[in-house]
Amino acid sequence: MMERCAIVTGAARGIGLATAKQFLGMGWQVALVDRDREELDRAMAPLGDRAKALPYDISDPDQVAQIIADTLDAFGRIDALVNNAGVAEFGPIEDCDFAMWRRVMATNLDGTFLCSQAATPALRQTKGAIVNIGSISGLRASTLRVAYGTSKAAVIQLTKQQAAELGEYGIRANCVCPGPVRTKLAMAVHSQEIIDAYHDAIPLNRYGSEEEIANVIVFLCSDKASYVTGQVIAADGGFDSTGVGLPALRV
Ligand SMILES: NC(=O)c1ccc[n+]([C@@H]2O[C@H](COP(=O)([O-])OP(=O)(O)OC[C@H]3O[C@@H](n4cnc5c(N)ncnc54)[C@H](O)[C@@H]3O)[C@@H](O)[C@H]2O)c1
């Protein structure tokens, strides 16, 4: 059998890079997509010849078509698509102008839709898997995230739409909702105060690591999850399902 192949978007750093490395460790071939060409080049250096760099922007339909064409050229098949590329911009509803709204939607929602649609013919051939990256911000509303939280809630619903329609072809679609992880994306918007507050609201009382999120993503892409589709799994230290945040109720 030819080696399996995954596309991971936003793979130059953070959760995407950790996911790409896990696939490579499992013997898969990986197309690493990122619009930050410099960061992608740096990430590629140690990865070897089962990894291919695709310096494209997932919010642009022409570039998305190129992602699929280049991946099939290089590896001949697509077994998994991880829609991980995302942007976070936080601010009050009154300050979220349409340009900011569109920047967030263009990557987080449009990009996830476009990549999935473009990969579907190849995924049909392999009975492959889609994993979309949502967020705890898509599960529970919070301040300053009108665009980000709404985009991630839409990604959760998009996952269910995909599971409903693509199941007929044997394609599975699931969503992983990470809690806070100390990546460049999070550190740009998390002050020390926010970090402390998160600790208070998370039963496991800490941030997650990139690898802890990647573990769940690769599981959902693997045969071990062959009967799992349409699911939304929070890898969040318990944040989503609990309410430990009232300091007065803590021991
Ligand atoms: N870090 C967290 O705390 C956290 C929490 C919940 C959800 N998430 C989600 O996890 C995913 C990965 O986040 P991360 O923290 O690793 O972020 P990150 O910023 O470290 O990495 C994201 C990568 O995506 C790339 N990217 C962004 N827009 C792109 C586009 N249009 N086309 C191609 N590449 C693009 C960036 O260049 C970057 O390399 C995102 O979807 C994010 O919303 C992260």
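Pick from the range 65-88 the residues that are farther than 18 Å from Asp34 by Cβ and surrounded by 16 or more Cβ atoms within 10 Å (Cβ to Cβ): which of them is nearest to the ligand (Cβ to nearest atom)?
Going residue by residue through the range 65-88, those that are farther than 18 Å from Asp34 by Cβ are 72-73, 76-77, 79.
From what is left, the residues that are surrounded by 16 or more Cβ atoms within 10 Å (Cβ to Cβ) are 72, 77, 79.
Numbers: Leu72: 19, Arg77: 22, Asp79: 21 Å.
Within the range 65-88, the match that is nearest to the ligand (Cβ to nearest atom) is Leu72.
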Select from the range 118-175 the residues that are in contact (Cβ under 8 Å) with a residue 24 or more places away in the chain and of a type in the set (D, E, K, R) and list them in ascending order.
-> Arg124, Lys127, Arg140, Arg145, Lys152, Lys160, Arg172
Just a yes or no: is a residue in the range 220-241 within 16 Å of the chain's Cα centre (by Cα), assigned to a helix (DSSP H, G or I) and either surrounded by fewer than 16 Cβ atoms within 10 Å (Cβ to Cβ) or modelled with pLDDT under 85 (or both)?
-> no
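Counting just the residues of the range 177-207 that are away from the ligand (no atom under 14 Å from the Cβ) and not in a loop (DSSP other than H, G, I, E, B), which one comes out nearest to Ser241 (Cα to Cα)?
Initially, the range 177-207 is screened for residues away from the ligand (no atom under 14 Å from the Cβ), giving 192-193, 196, 200, 203-205.
Now drop any that are not not in a loop (DSSP other than H, G, I, E, B), which leaves 192-193, 196, 200.
On the way: Gln192: 24, Glu193: 22, Asp196: 19, Asp200: 14 Å.
Here the answer is Asp200.
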Kindly indicate which of Asn132, Asn174 is touching a helix residue (DSSP H, G or I) at 6+ places or on another chain (Cβ under 8 Å), at pLDDT 95 or above and more than 10 Å from the ligand (Cβ to nearest atom).
-> Asn174
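Of the residues Ala65, Ala74, which single one is of a type in the set (Gly, Ala, Ser) and touching a helix residue (DSSP H, G or I) at 6+ places or on another chain (Cβ under 7 Å)? Step through it out loud before you land on a result.
Numbers: Ala74 fails: touching a helix residue (DSSP H, G or I) at 6+ places or on another chain (Cβ under 7 Å).
Ala65 is the lone residue from the list that is of a type in the set (Gly, Ala, Ser) and touching a helix residue (DSSP H, G or I) at 6+ places or on another chain (Cβ under 7 Å).
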Can you name the number of the only condition in (1) part of a helix (DSSP H, G or I); (2) touching a Gly at 6+ places or on another chain (Cβ under 6 Å) that Ile68 fails?
-> (2)
Filter result (under 11 Å from Tyr148 (Cα atoms) and out of contact with any helix residue (DSSP H, G or I) (no Cβ under 9 Å at 6 or more places or on another chain)) within the range 84-105 | none
Which residue out of Ala186, Ala201, Ala163 is surrounded by 14 or more Cβ atoms within 10 Å (Cβ to Cβ) and modelled with pLDDT of 95 or more?
-> Ala163
Any hit, the range 25-43, residues being away from the ligand (no atom under 12 Å from the Cβ), surrounded by fewer than 23 Cβ atoms within 10 Å (Cβ to Cβ), without any contact (Cβ under 8 Å) to a residue 40 or more places away in the chain and aliphatic (A, V, I, L, M) | no
Of the criteria (1) more than 14 Å from the ligand (Cβ to nearest atom); (2) more than 17 Å from Asn83 (Cβ to Cβ); (3) part of a helix (DSSP H, G or I), which one Ala147 fails = (1)
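In the list Ala74, Ala88, which residue meets the criterion of being within 18 Å of Ala20 (Cβ to Cβ) and either touching a residue at least 12 places away in the same chain (Cβ under 8 Å) or not basic (Lys, Arg) (or both)? It would help to see each step written out before you state the result.
Details: Ala88 fails: within 18 Å of Ala20 (Cβ to Cβ).
Among Ala74, Ala88, only Ala74 is within 18 Å of Ala20 (Cβ to Cβ) and either touching a residue at least 12 places away in the same chain (Cβ under 8 Å) or not basic (Lys, Arg) (or both).
So for the range 230-240 (the condition being on the phi < 0 side of the Ramachandran plot and away from the ligand (no atom under 13 Å from the Cβ)), does at least one residue qualify?
Within the range 230-240, the subset on the phi < 0 side of the Ramachandran plot is 231-236, 239-240.
When the remaining residues are screened for being away from the ligand (no atom under 13 Å from the Cβ), the result is 231.
The answer is yes, given that some residue of the range 230-240 is on the phi < 0 side of the Ramachandran plot and away from the ligand (no atom under 13 Å from the Cβ).
Looking at Leu114, Leu109, can you tell me which residue is part of a helix (DSSP H, G or I) and out of contact with any Ser or Thr (no Cβ under 6 Å at 6 or more places or on another chain)?
Values: Leu109 fails: out of contact with any Ser or Thr (no Cβ under 6 Å at 6 or more places or on another chain).
That would be Leu114, the only listed residue that is part of a helix (DSSP H, G or I) and out of contact with any Ser or Thr (no Cβ under 6 Å at 6 or more places or on another chain).
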Residue count for the range 4-21, restricted to those that are away from the ligand (no atom under 11 Å from the Cβ) and surrounded by fewer than 24 Cβ atoms within 10 Å (Cβ to Cβ) = 2
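The values are calculated or read from the model by the stated rules, or taken from the named source; none is laboratory data. Everything numeric in this text was worked out from a predicted model, so none of it was measured. Backbone-built Cβ (ideal geometry, glycine too); neighbour counts: all protein chains shown.
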